[in-house]
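Single-structure report; data block below.
The values are calculated or read from the model by the stated rules, or taken from the named source; none is laboratory data. All of these numbers come straight from a predicted model, not from anything done at the bench. Cβ placement follows ideal geometry from the backbone for every residue including glycine, while neighbour counts extend to all protein chains displayed.
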């Protein structure tokens, strides 16, 4: 193996190790909360040493921020097939059904991984809060793009305020997920999403 090939292999191995650490930490934080997750616990569950963790992350807060970014990627990845490919009103119904079905299969336990992190960390250090802000901004941008697609299709009026609608959709989703988790019932989530989609329909062209 050439020196360059060996360097690439080491880089790929390092990427896999880092991803394993982040994925393990994310799972522990989802079940036990950030406060209940320790570096030692991540080491044990991931089968790595502390030196490996501190090779990639300066401290626990740095690992937490990596978890936030990873969870944002995963959560948005689930919504992207719907929000990035709006075909009409039926796409919004399919998106709502997807969100509700995910919670139904999970028996309404856990809520939104990103929302749960925000609930626990929004008042922590400012750098972590900014990572949360960026993650929710990405989600809001996905809704902004979806609303613009509705305009481009001629399905809603051009004077509709994209930003206001996007914020309404995101807030309805997060609030519905919280109520769903608390009540162990998908009905509040479904009602919240129906209300948000109904609001969007008030701008129908």
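Values as computed for the structure displayed
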quantity	calculated
Unique residue being farther than 16 Å from residue 76 by Cα and either touching a helix residue (DSSP H, G or I) at 6+ places or on another chain (Cβ under 9 Å) or at pLDDT 95 or above (or both) when the list is 160, 166	160
Scope the stretch 177-205; condition more than 19 Å from residue 133 (Cα to Cα), assigned to a helix (DSSP H, G or I) and touching a residue at least 24 places away in the same chain (Cβ under 8 Å); matching residues	180, 181, 183, 189, 190, 193, 194, 196, 197, 199, 200, 201
Some residue of the stretch 138-153 being over 21 Å from residue 85 (Cβ atoms), part of a helix (DSSP H, G or I), touching a helix residue (DSSP H, G or I) at 6+ places or on another chain (Cβ under 6 Å) and assigned by the TED database to the domain that holds residue 76	no
Enumeration of residues in the stretch 56-69 that are in contact (Cβ under 8 Å) with a residue 24 or more places away in the chain, assigned to a helix (DSSP H, G or I) and over 15 Å from residue 137 (Cα atoms)	56, 61, 63, 64, 65, 66, 67
The stretch 28-38 - residue that is surrounded by fewer than 16 Cβ atoms within 10 Å (Cβ to Cβ) and touching a helix residue (DSSP H, G or I) at 6+ places or on another chain (Cβ under 9 Å) and, of those, farthest from residue 114 (Cα to Cα)	38
Residue match in the stretch 5-15 (condition: under 21 Å from residue 132 (Cβ atoms) and either outside the structural domain of residue 181 (by the TED database) or at pLDDT 90 or above (or both))	no
